[in-house]
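Trainee: Quick one: this structure, given as C-alpha cells, is what I'll be asking you about.
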C-alpha cells in the first residue's frame with residue numbers, strides 16, 4: 001500500500017469514527033433510563049440492610065426444592081439479571097427453578113464490625129430457615145457465586161443437614177495459586193492498615209483495584225472501542241448497562257474483608273482445614289451433599305484451578321465440574337452460556353431432588 005492509499009484509508013477511518021461519535025451522542029441524549037434487575041420478585045425477609053427476595057415463577061412446573069442464590073458482596077447481584085435477554089435468573093426460572101436470592105445491601109459506618117460469622121451463621125442461616133419453614137423442608141439447594149460461592153461452601157460445611165445440593169460458580173476456594181494478579185496482590189496487601197484507616201472500605205477503592213488488574217483494557221481500550229458501537233442504540237444500551245453494574249460497588253465491611261483477606265487469600269486456611277467461624281472449624285469433608293462446581297476457562301479474576309480444587313476436598317462422592325469457554329463476567333452474560341448454563345444446572349438439580 002502506497003502513501004496515498006494509506007492516507008485515504010486513514011481519512012476514511014477518521015470519518016467513520018466521527019460519524020459514529022456524532023450518532024452516538026444523539027443516542028446518548030435520547031437514551032432511556034438504564035434499568036437492571038427487571039425480573040419480577042418480592043421481598044420475603046429482611047434484617048436491616050440485608051434482604052431476601054423470591055422471584056416469581058415463570059414455568060408451569062416448579063422444582064419442589066427451592067434454590068437460594070448467594071452472590072458476592074463486592075458487586076451487585078444485578079449481574080445475574082442484567083437485562084431480559086441476558087439473565088441467568090430468568091433462565092433458571094424458565095427451567096422451572098424456584099429461585100430465592102440474598103441482597104447484601106450497601107454497607108455503611110454502622111457495619112464496620114460486621115463479621116463473616118454474622119453473615120454466614122447469622123443472615124444466611126436465617127434466610128435458609130425462613131425458606132425451609134415456608135416450604136416445610138429440612139434442606140434447600142444453595143447456589144453460590146464468586147465470593148458468595150466461598151460463603152456457601154463454608155455454610156455447607158458447617159450446616160450440611162440444611163443443604164440438599166451445593167452449586168458453586170466461579171468461586172475462589174484454593175487461594176494458593178498465583179494464576180490471578182488479584183491473588184498475588186492480596187497476599188502482599190497490608191490489609192490491617194487499610195481497614196484500620198477506613199473501617200468500612202470504599203467500594204470505589206475496591207473497584208479501582210479491580211480495574212488495575214487489566215489497566216489498558218478496562219480503563220482505556222473499552223472506551224475507545226465504545227465509539228464503534230455508539231451508532232447502534234441497542235449495543236450502546238448494552239454497554240451502558242454493563243457500565244452501570246461495574247460502578248455500582250458497595251462499600252465493604254472492614255472485618256469481613258480483613259478475615260477474607262488474611263485467613264483465605266493470605267493463609268489459605270479453608271483448604272488446609274484451619275479456617276474457623278463462630279469458634280468452629282470448617283471441615284470441607286463435612287460437605288456430604290452432591291456438589292456441582294462451575295468455572296470459567298478464561299477467568300482472570302478467579303482462576304479455574306482455584307474453583308475446581310473444591311472437588312478434591314469435599315466428602316461427597318457425587319461431585320461434578322462444569323466449565324465454559326468464557327471469562328469471569330462472561331459466565332453470566334455471554335451468548336455462549338445463556339442457552340446452556342441454566343438448563344445444565346436445572347437438569348443436574350432435578351436429578352437430585
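Read the figures in this text as sums done on the coordinates, not as results from a lab. Because the structure is predicted, anything quoted here is derived from the model rather than measured. Neighbour counts are summed over all protein chains in view; Cβ atoms, including those assigned to glycine, are modelled from backbone coordinates with ideal geometry.
Trainee: Show me 291-297, 322-328, 191-197 ranked by packing, highest mean number of other Cβ atoms within 10 Å first.
Mentor: Per-residue Cβ counts within 10 Å, averaged per peptide and sorted highest first, yield 291-297, 322-328, 191-197.
Trainee: With a ≥ b ≥ c the root eigenvalues of the C-alpha gyration tensor of region 232-353, is it rounded (a/c under 1.5), prolate (a/b larger than b/c) or oblate?
Mentor: Oblate.
Trainee: I want the antiparallel fraction of DSSP beta bridges within the chain, as a percent rounded to 5.
Mentor: 40
Trainee: Is the shape of region 98-202 rounded, prolate or oblate, going by the alpha carbon gyration tensor and its root eigenvalues a ≥ b ≥ c, with a/c under 1.5 for rounded and a/b larger than b/c for prolate?
Mentor: oblate
Trainee: Follow-up. Output the antiparallel fraction of DSSP beta bridges having both residues in region 36-180, as a percent to the nearest 5.
Mentor: The answer is about 45 percent antiparallel.
Trainee: Highest first, please rank the peptides 39-49, 148-158, 167-177 by the mean number of other Cβ atoms sitting within 10 Å of their residues.
Mentor: Final packing ranking: 148-158, 167-177, 39-49.
Trainee: Let me ask you something else. Taking the Cα atoms only, what angle lies between the long axis of helix 233-246 and the longest principal axis of the chain, rounded to 10 degrees?
Mentor: Between the helix axis and the principal axis of the chain, the angle is about 40 degrees.
Trainee: Here is a further query. Give the percent of DSSP beta bridges with both residues in region 248-352 that are antiparallel, rounded to the nearest 5.
Mentor: Of the beta bridges lying entirely in region 248-352, close to 25 percent run antiparallel.
Trainee: According to the square roots a ≥ b ≥ c of the eigenvalues of the Cα gyration tensor, what is the shape class of region 35-163, taking rounded for a/c under 1.5, prolate for a/b larger than b/c otherwise, and oblate for the remainder?
Mentor: oblate
Trainee: Here's a follow-up. Taking the highest mean first, how do the peptides 278-289, 115-126 order by number of other beta carbon atoms within 10 angstrom per residue?
Mentor: 115-126, 278-289
Trainee: Shifting gears a bit: In nm, what is the difference between 0.36 nm times the number of residues separating residue 179 and residue 59 and their Cα-Cα distance?
Mentor: Contour length minus the Cα-Cα distance gives 39.1 nm.
Trainee: Given 20 °C and 1.002 mPa s, how large is the Stokes-Einstein diffusion coefficient of region 277-320 in µm²/s, with Rh as the Kirkwood radius over Cα pairs?
Mentor: 184
Trainee: Also, I was wondering about something else. log₁₀ I(q)/I(0) of region 221-291 at q = 0.12, 0.14 Å⁻¹, via Debye over equal Cα point scatterers, no solvent, to two decimals?
Mentor: Cα-only, vacuum Debye calculation for region 221-291: -0.63, -0.69.
Trainee: So, one more: Given (1) 73, 53, 40; (2) 76, 51, 50; (3) 69, 58, 32 as candidate values of Cα extents along the principal axes in Å, which corresponds to the one derived from the coordinates?
Mentor: (1)
Trainee: Also, I was wondering about something else. Once every DSSP H run of n ≥ 4 in the chain is given -39500 (n - 2.57) and the sum is divided by its residues, what mean residue ellipticity at 222 nm do you get, rounded to the nearest 500 deg cm²/dmol?
Mentor: -11500 deg cm²/dmol
Trainee: So, one more: Could you tell me the distance between the Cα centroids of region 103-177 and region 296-353, to the nearest Å?
Mentor: Cα centroid to Cα centroid, the span is 18 Å.
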